[in-house]
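The values are calculated or read from the model by the stated rules, or taken from the named source; none is laboratory data. Not measured: the values here are computed from a predicted model. Please note: Cβ atoms are built from the backbone with ideal geometry, for glycine as well, and neighbour counts cover all protein chains shown.
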Amino acid sequence: QAVLNADYTLTQFRFLQRLLLVHGRWSYRRIAFFLRYFLYKTCSFALVHIWFGFFNGFSAQSLYENWFIVLYTVFYTATPVECLAIFEQDVSAQGSLSCPELYKVGQRQELFNPWLLTATLLYAIYTSLVLFFMPLGVFHNSALDYQTMAVTINMATVFSVTIELVLLTRHWTKWNVVAVCVSLSMFFLCTLITQSRKLFEMSPVDYYFPGVAQNAFCSPVVWLTALLTTWTTVLPSFTVHALNIILTNPDKRKVHNTNDRPVELQRSGFRRGASQRRSSYAVSQGRGIGRLITSEGSLRSTVPPVDRGGTTSDTATLGMLNLRQRLESDG
Amino acid sequence: MGKTKDNPGPLSRRPDNSAFKQQRLPAWSPMLTANSVLPFFYIMAVVCVLLGVWLLITVQNTHQLKLDYTQAGSCNICFEKRKVRANANQDCKCTVVLNIGNTFKGDVFFYYGLMNFHQNLRQYMDSRDDAQMMGRTANLKNPSAYCKPYITDDHGLPIAPCGAVANSMFNDSFKLTYHSAEGSPDVHVPLFRKGISWYTDKNVKFRNPKINNETLTQVFEGTARPPYWQKPVYNLDPLDPNNNGFTNEDLIVWMREAAFPNFKKLYGVLNRASKPFTEGLPPGNYTIEISYNFPVEYFQGRKEVIISTISWFGGQNNFLPIAYLVTGCLVLLLAIILTVFWWKFGKNGQNMEE
């Protein structure tokens, strides 16, 4: 009866180790990334309408064709993030088991907390500002029309969110690659189809952008605008990632007693509370390897972590960095 | 993820030991270091700056001349006249003078520009009937309800083309004359007034209703012209019978709504077949005789005439080249800051201590 009512059922206690340390941890990470990315991509593509309102008398004129709005969430951006949510791993299964401290990331809410959500929202607002105002500069006072601008902003939006996802994904399986490629090609394909001549002749009310995609995808102005807009929107994300990579770049020198550590960890197994009391357990003496590894891994936060200086000055940092290398090379 | 074992018996409910289900798919994890990240920023900075410079040079090679003629010279009289609605039936012509210093080499494009005219208002953009303009006979006498209040006229006849977009069509016309320096006669500048709209617009989106041995006038019988128009749709271009009806190029160009309140639309292209326009527009004095019909005082708008040469990148719009340059410089700055960070903290910083 308990089995039928429970979310998870285990018959042996040893299963708990894998469930918690491997799958629980991965699951927390995946869900956190998934939710923050969803917030980002939806807000950035919707908020441009607020800025457009300033220029169209606040008449709620949509900046996109209806079909783009429909297909954006379904075809153009859904599959890559689903692949992220299914496959993403920062450390392999063996690594998760041998380093239980990593589980503290979830307990300390390091990947999903109000601050990170606010940061994601602010980043989405910044993205929408760039997505609107860059094409505005190009299309304002010009002979180019509203529908071409719609397609330009569509292109820039899809490119931006795809690149953001590419930065977010650390564990690339073939499905991830396929999903990204398919989504991008779906964008071009579906835009060409919904803006084609045949469909317009069938139903001019539903497909009211005939010929725009054919015109716009051949126009260098549209491409150059979309590319610059994309690059500007992802620039903060690139910068934060780069900063993280640079500041936590593992040193080439190995610590002399790294070899002992994996053996020691395996022997210790999983005992409640024991890891914190082990004085010879060098990993736990410093801030904890968890924050370091996941702060390199949690490059998704768009605000650099506050106590950067403290982390890099940890005495045990070097050993942890090497341990991370070893864990990654295992898996 | 509850793994239950049947006790005893085969492990029939175990998930497959496939790579997919056991999360062991082969994967690649990027191991990024400062050595790969920093050069990337520098390369992107260089690319942006080079693109910006190239685009700036391309744009600077185009010429543009803008003239706001809303109240310029004799057009002020017409401006005052158009303030009164009752004068709408009266013609008003005015002339403006402009001077071109250097030859406008190559193809020269003539635009009319409007300021503060919101073609992007939602109710305005909805107020059209694409099915009618596509030539569907069913919709010709039965315009869609979106065209309200321009669906039927006072006598109950359906309006063709219906809607506010068509009704507000820009109806100023321009005649450009070139005064060469010597006592030679003034030359009328010939313009191509066709081929100014998109191919798909002219051939797909806007078609006249089917003609079975009927003239265009007969096809449109039983419909009325929009209230603000002086001429009915089948007689928009008296000179060219093919340029009438819904496929009139000026109408098509107007119906392609602009994105922002300040815009310009193509009026014509210079016909370089005969002298002295074979090279482009020669320098000298020009007068434009304007048939001033479009009232702009109601919405505090301005009207202008723009003469411009074009490159592959379009007319004179400096925004994108400058944006590329600014972004390139910004990325360069970021790259330098990141290099400084790397030098001070990442390379041989505190993480050396043991």
Report task. Within region A:39-60, track down each residue that is in contact (Cβ under 8 Å) with a residue 12 or more places away in the chain and within 9 Å of chain B (Cβ to nearest Cβ). Result -> A:Phe52, A:Phe55
Query raised in the report: Considering only residues of region A:215-235 that are facing another protein chain (nearest Cβ under 10 Å) and more than 12 Å from A:Ile163 (Cβ to Cβ), which is surrounded by the fewest Cβ atoms within 10 Å (Cβ to Cβ)?
Result: A:Pro220
**Report entry** Pairs, first of a type in the set (Val, Ile, Thr) in region A:167-195, second assigned to a helix (DSSP H, G or I), C-beta under 6 Å, six or more apart
**Finding:** A:Thr169/A:Leu84; A:Thr169/A:Asn176; A:Thr173/A:Phe87; A:Val180/A:Pro80; A:Thr191/A:Ala213; A:Thr194/A:Trp67
Query raised in the report: What tally of residues in region B:105-139 results from selecting those that are modelled with pLDDT under 90 and either in contact with a Pro (Cβ under 6 Å, 6 or more places away or on another chain) or closer than 18 Å to A:Asn66 by Cα (or both)?
Result: 2
Query raised in the report: Which of the residues that make up region B:316-330 are facing chain A (nearest Cβ under 7 Å) and either at pLDDT 90 or above or exposed (fewer than 14 other Cβ atoms within 10 Å of the Cβ) (or both)?
Result: B:Phe319, B:Leu320, B:Ala323, B:Tyr324, B:Thr327
Query raised in the report: What residue, of B:His188, B:His179, is surrounded by fewer than 15 Cβ atoms within 10 Å (Cβ to Cβ) and over 20 Å from B:Phe294 (Cβ atoms)?
Result: B:His188
**Report entry** Pick from region A:180-214, criterion surrounded by 15 or more Cβ atoms within 10 Å (Cβ to Cβ) and polar (S, T, N, Q), ranking: farthest from the chain's Cα centre (by Cα)
**Finding:** A:Ser196
Query raised in the report: Being over 24 Å from B:Lys265 (Cβ atoms), assigned by TED's automatic domain parsing to the domain that holds B:Gly135, modelled with pLDDT of 90 or more and of a type in the set (S, T, N, Q), is that true of even one residue in region B:209-223?
Result: yes
Report task. Kindly indicate whether B:Asn318 is touching a helix residue (DSSP H, G or I) at 6+ places or on another chain (Cβ under 7 Å) and within 28 Å of B:Asn99 (Cβ to Cβ). Result -> yes
**Report entry** Residue count, region A:31-58 (criterion: buried (at least 21 other Cβ atoms within 10 Å of the Cβ) and either charged (D, E, K, R) or under 17 Å from A:Thr233 (Cα atoms) (or both))
**Finding:** 7
Query raised in the report: Within region A:105-126, is there a residue that is within 14 Å of chain B (Cβ to nearest Cβ), in contact with a helix residue (DSSP H, G or I) (Cβ under 6 Å, 6 or more places away or on another chain), of a type in the set (A, V, I, L, M, F, W, C) and part of a loop (DSSP other than H, G, I, E, B)?
Result: no
Query raised in the report: Does any residue of region A:78-92 turn out to be among the aromatic types (Phe, Trp, Tyr) and surrounded by fewer than 18 Cβ atoms within 10 Å (Cβ to Cβ)?
Result: no
Query raised in the report: Does at least one position in region B:143-165 carry a residue that is surrounded by fewer than 17 Cβ atoms within 10 Å (Cβ to Cβ) and within 14 Å of another protein chain (Cβ to nearest Cβ)?
Result: yes
Requested in this report: Considering only region B:78-100, state which residues are in contact with a Phe, Trp or Tyr (Cβ under 9 Å, 6 or more places away or on another chain) and β-branched (Val, Ile, Thr).
Outcome: B:Val96, B:Val97, B:Ile100
Query - Search result, residues across region A:151-179 that are of a type in the set (A, V, I, L, M) and buried (at least 21 other Cβ atoms within 10 Å of the Cβ) - result: A:Val151, A:Ile153, A:Met155, A:Ala156, A:Val158, A:Val161, A:Leu165, A:Ala179
Query - Test: B:Gly113 is at positive phi and in the same structural domain as B:Tyr292 (by TED's automatic domain parsing) - result: no
Query - strands (runs of 3 or more DSSP E) (entirely within region B:63-136) containing at least 1 residues that are of a type in the set (D, E, K, R) - result: B:64-68, B:93-100
Report task. Residue by residue through region A:80-104, note down the ones that are under 12 Å from A:Leu21 (Cβ atoms) and assigned to a helix (DSSP H, G or I). Result -> A:Ala93, A:Gln94, A:Gly95, A:Ser96, A:Leu97, A:Ser98, A:Pro100, A:Glu101, A:Leu102, A:Tyr103, A:Lys104
Report task. Looking only at region B:129-152, count how many residues are over 18 Å from B:Leu251 (Cβ atoms) and either among the charged types (D, E, K, R) or touching a residue at least 24 places away in the same chain (Cβ under 8 Å) (or both). Result -> 4
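Here's the yes/no breakdown for (1) in a strand (DSSP E or B); (2) not hydrophobic (A, V, I, L, M, F, W, C):
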| position | (1), (2) |
| --- | --- |
| B:Val269 | yes, no |
| B:Arg272 | no, yes |
| B:Glu289 | yes, yes |
| B:Phe294 | no, no |
| B:Val305 | yes, no |
